[in-house]
1. Report the residue count in region 206-225 for those that are touching a residue at least 40 places away in the same chain (Cβ under 8 Å), outside any loop (DSSP other than H, G, I, E, B) and either in contact with a helix residue (DSSP H, G or I) (Cβ under 7 Å, 6 or more places away or on another chain) or among the basic types (Lys, Arg) (or both).
2. Could you list, in sequence order, all residues of region 228-240 that are within 21 Å of GLN206 (Cα to Cα) and assigned to a loop (DSSP other than H, G, I, E, B)?
3. Inspect region 224-234 for any residue being buried (at least 16 other Cβ atoms within 10 Å of the Cβ), modelled with pLDDT of 90 or more, under 18 Å from LYS184 (Cα atoms) and over 26 Å from the mean Cα position of the chain (by Cα) and give the result as yes or no.
4. Cβ-Cβ below 6 Å, separation at least six or inter-chain, first residue in region 170-192 and loosely packed, with under 15 Cβ neighbours inside 10 Å and at pLDDT 85 or above, second small (Gly, Ala, Ser) and part of a loop (DSSP other than H, G, I, E, B): which pairs?
5. If we scan region 246-258, do we find a residue that is aliphatic (A, V, I, L, M), surrounded by 14 or more Cβ atoms within 10 Å (Cβ to Cβ) and assigned to a strand (DSSP E or B)?
6. Find the strands (runs of 3 or more DSSP E) located wholly in region 37-151 whose residues include 1 or more that are at pLDDT below 85 and over 30 Å from GLN278 (Cβ atoms), and list them.
7. Quick one: how many residues across region 261-281 are of a type in the set (Lys, Arg), surrounded by fewer than 17 Cβ atoms within 10 Å (Cβ to Cβ) and under 30 Å from PRO167 (Cα atoms)?
8. If HIS239 passes every condition in (1) at positive phi; (2) buried (at least 16 other Cβ atoms within 10 Å of the Cβ); (3) modelled with pLDDT of 90 or more but one, which one does it miss?
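The values are calculated or read from the model by the stated rules, or taken from the named source; none is laboratory data. These numbers were taken from a predicted model, which means no experiment stands behind them. Cβ placement follows ideal geometry from the backbone for every residue including glycine, while neighbour counts extend to all protein chains displayed.
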Amino acid sequence: MKRRLPPLYSLRAFEAAARLGGFSKASEELHVTPAAITHQIKKLEAELGVELFVRHHRGVALNKAGTDYLNIVNKLLDDLTRQTQHFKSKHRSQPIRIAGLHIVCNRVLLPAIQTFLVDYPEIRAELIADIKLPEFRSGNVDIIIRHGEAPPEGYETQLILEENLTPVCSPAFAASHLEGLQAKDLSGMPALYDLYWQADWQDWLQAAGLPDLENSLGFSLYSMVIESAVEGTGIAMGHTGLIRKELESGALIKPFELEIPSRNRYYAVTTREILRKQGVRVFWDWLSENVAQA
């Protein structure tokens, strides 16, 4: 059975005129002429077979039938608005959610995502930074950047960053040692380190043939390690992939020549199922291509 529905534009004109109390105000809101509003209202009244407004020399006002019909139209438009929003949230592309350690998000992911969004402005992305990585079973993340010696098994992975380890400090800290910084004196200097990356100092000291540290200060965030080193608090173990900005600006320097490859690398990790999601595959392929170019 064919539905006999009043024209939607006539309903919009009627609702605006009733809410605003006049055809002229409705025309301003809908960006049409008052004559167009009058035409749509007359068209609606003809379709319904009843007048909805009382016309007088100072304007118009809803009559009893108009008030009753306005209640119907308001319910219809409110429900249409709610259902449309529900439909959009269900079917439109969801943002890509990418998670990583706080420092990795800030120094590695953020610049990459900003460049990606320039290339693909229609795709939305959300960056989740924390000191503890979420798990895929939470259902709230699409890609995780993991830091480890090898990628986890059973996942789709790609290597995105390798780096070297070497001690770094501020120029002022280096200048405070009048006889110059000597690697053999490290055990007596304030050594800064990340609580989760304590093995980095051990690896470097072993490669340099030096004893373990005696004077050290640990932080739960590598960003705090960097900040303390820049302020001259001590000498920090530098991850060359994370401190490029400070090295290029001269805020941090490398007092020793020895650099060793870090045993850990940065891997982008996801699942085959997640890669089917709209936008995730686009970012995954883009990431692979741009990392290869770098």
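1. Of the residues in that region, 3 qualify.
2. Across region 228-240, the qualifying residues are GLY234, THR240.
3. yes
4. ALA172/GLY232
5. Within region 246-258 (the criterion being aliphatic (A, V, I, L, M), surrounded by 14 or more Cβ atoms within 10 Å (Cβ to Cβ) and assigned to a strand (DSSP E or B)), the answer is yes, since at least one residue qualifies.
6. Of the strands (runs of 3 or more DSSP E) lying wholly inside region 37-151, those with at least 1 residues that are at pLDDT below 85 and over 30 Å from GLN278 (Cβ atoms) span 53-56, 59-62.
7. Residues meeting the conditions: 1.
8. The one condition HIS239 does not meet is (1).
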